[in-house]
1. Which residues does a label at residue 17 reach in region 49-70, if reach means a backbone N under 17 Å from a point 7 Å past the Cα toward the Cβ?
2. Considering the options 47, 70, 83, tell which one lies farthest towards the positive end of the dipole of region 34-85, charges being +1 on Lys and Arg and -1 on Asp and Glu at the Cβ, about the Cα centre.
3. Taking K and R as +1 and D and E as -1, what net charge do the other residues with C-beta under 14 Å from the C-beta of residue 64 add up to?
4. Could you check the spin-label model distance between residue 83 and residue 54? Points 7 Å from the Cα along Cα→Cβ, value in nm.
5. Taking 1 over the mean of 1/r across every pair of different Cα atoms in region 34-85, what Kirkwood radius in Å do you get?
Amino acid sequence: MTDSNPPRPGPSPAALAADAAIRNAGPGEPREHPSIIAAEELLVEAAMVRETADDEFDLGALARQAEVLTQAHDRLSAALEDAGRG
């Protein structure tokens, strides 16, 4: 008997890292900073793109994932710059 719904892998390392970063934020940092929320949403989107490819090499999905991760990096970099100014 074949299982039509094989077990899906858990959250991606990027999503886990984003969750850990949010949970471990210092007390002086707002937990719901707009840049952090936007970056987390982008990381979730990148994980969804990876899961959609279903472990097959898909150049389009890889390009989209790279684009989304770059956007997340840019958001986090902007948040760090803002924190450095404040």
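1. 49-51, 65-70
2. Going by the Cα projections, it comes out as 83.
3. Charge balance near residue 64 sits at -3.
4. For residue 83 paired with residue 54, the spin-label model returns 4.0 nm.
5. After inverting the pairwise mean of 1/r, the radius is 11.5 Å.
Rule-based calculations on the coordinates, nothing more; no lab input. Every value quoted in this text rests on a predicted model; they were computed, and no experiment measured them. Counting neighbours? That spans all protein chains shown, and the Cβs are built from the backbone with ideal geometry, glycine included.
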